[in-house]
Amino acid sequence: MAEIATIARPYAEALFQASGAGAAGTAAWLDELASVAADEQLRLYADNPRTTPEQVFSLVTGVIKTSLPVMAQNFLRTVIDNGRLAALPEIADQFRALKNVQQGAFDAVVYSAFAIDSAALADLSGVLEKRFARKLNLQVELQPELIGGIRVVVGDEVLDTSIKARLEHMKSALTAA
């Protein structure tokens, strides 16, 4: 995947410089575009020689939930015109990394067996920021197989307080004896 990363880097850097203080808003629509571009059927449609760039643009803008600002529309047209739709998820990842460096923050994924309301997420954010000693951008993903508790991934660090992890630990302790 080094090739995709190499292709995505100039797009992410140019978009980051162009967005300036509006990086948070840019990240929102870029993530939405990246999730749409990750669809394999869309990429097959876009790669079809009979499909025009305007058809691909219309399809992508028709699928997303929000209306795109002019900057987003121009960016999307550039990506499609250059045949780089497959690189859009990587562009979004690199853009987010640049934004995080600027803000001194890190992305963290909280895996939970149950939905977490906003008040509990705010409390959890404070606890996790103390634990990891850095500002975190939390994203919650549901994983019912955890049974209870949470599993937090920040870069290559993992904090697993899930019931599933505790049961696995107990299982290995019992079988080792």
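The values are calculated or read from the model by the stated rules, or taken from the named source; none is laboratory data. Keep in mind it's a predicted model, so treat the numbers as computed, not measured. Heads up, the Cβs are rebuilt from the backbone with ideal geometry, glycines too, and the neighbour counts pull from every protein chain shown. These accessible areas exclude ligands, DNA and RNA; they are computed on the full protein's heavy atoms, side chains included. Shrake-Rupley method; radii C 1.70, N 1.55, O 1.52, S 1.80 Å.
For region 39-49, the count of residues that are under 16 Å from the mean Cα position of the chain (by Cα) and not hydrophobic (A, V, I, L, M, F, W, C) is at least one. Just one of the numbered conditions (1) more than 30 Å from Ser19 (Cβ to Cβ); (2) among the small types (Gly, Ala, Ser); (3) exposed (fewer than 13 other Cβ atoms within 10 Å of the Cβ) is not true of Gly155: (1).
Taking residues in region 145-164 that are under 17 Å from Lys130 (Cα atoms), and partners anywhere that are acidic (Asp, Glu), the pairs with Cβ atoms closer than 7 Å and at least 6 places apart or on different chains are Arg151/Asp160. Highlighted here are the strands (runs of 3 or more DSSP E) found entirely within region 70-177 that include at least 3 residues which are over 25 Å from Ala38 (Cα atoms) and not polar (S, T, N, Q): 157-160. When we screen Arg166, Arg131, Arg77, Arg84 for residues that are of a type in the set (Lys, Arg), open to solvent by 70 Å² or more (accessible area, probe 1.4 Å) and touching a strand residue (DSSP E or B) at 6+ places or on another chain (Cβ under 8 Å), the only hit is Arg131. Screening the candidates Leu146, Leu138 for the property of being among the aliphatic types (A, V, I, L, M), over 30 Å from Tyr45 (Cβ atoms), open to solvent by 40 Å² or more (accessible area, probe 1.4 Å) and in contact with a strand residue (DSSP E or B) (Cβ under 8 Å, 6 or more places away or on another chain) yields one hit, Leu138.
Condition first: under 20 Å from Arg166 (Cβ atoms) and in contact with a strand residue (DSSP E or B) (Cβ under 6 Å, 6 or more places away or on another chain). Now tell me which residues in region 110-128 satisfy that. Answer for region 110-128, where residues must be under 20 Å from Arg166 (Cβ atoms) and in contact with a strand residue (DSSP E or B) (Cβ under 6 Å, 6 or more places away or on another chain): Val110, Tyr111, Ser112, Ile116, Leu128. Quick check, is Thr66 open to solvent by 20 Å² or more (accessible area, probe 1.4 Å) and at pLDDT below 95? Considered against the rule, which asks whether it is open to solvent by 20 Å² or more (accessible area, probe 1.4 Å) and at pLDDT below 95, Thr66 comes out as yes. Residues in region 10-25: is at least one without any contact (Cβ under 8 Å) to a residue 40 or more places away in the chain, under 23 Å from Gln139 (Cβ atoms), open to solvent by 20 Å² or more (accessible area, probe 1.4 Å) and not small (Gly, Ala, Ser)? Taking every residue of region 10-25 in turn, none turns out to be without any contact (Cβ under 8 Å) to a residue 40 or more places away in the chain, under 23 Å from Gln139 (Cβ atoms), open to solvent by 20 Å² or more (accessible area, probe 1.4 Å) and not small (Gly, Ala, Ser).
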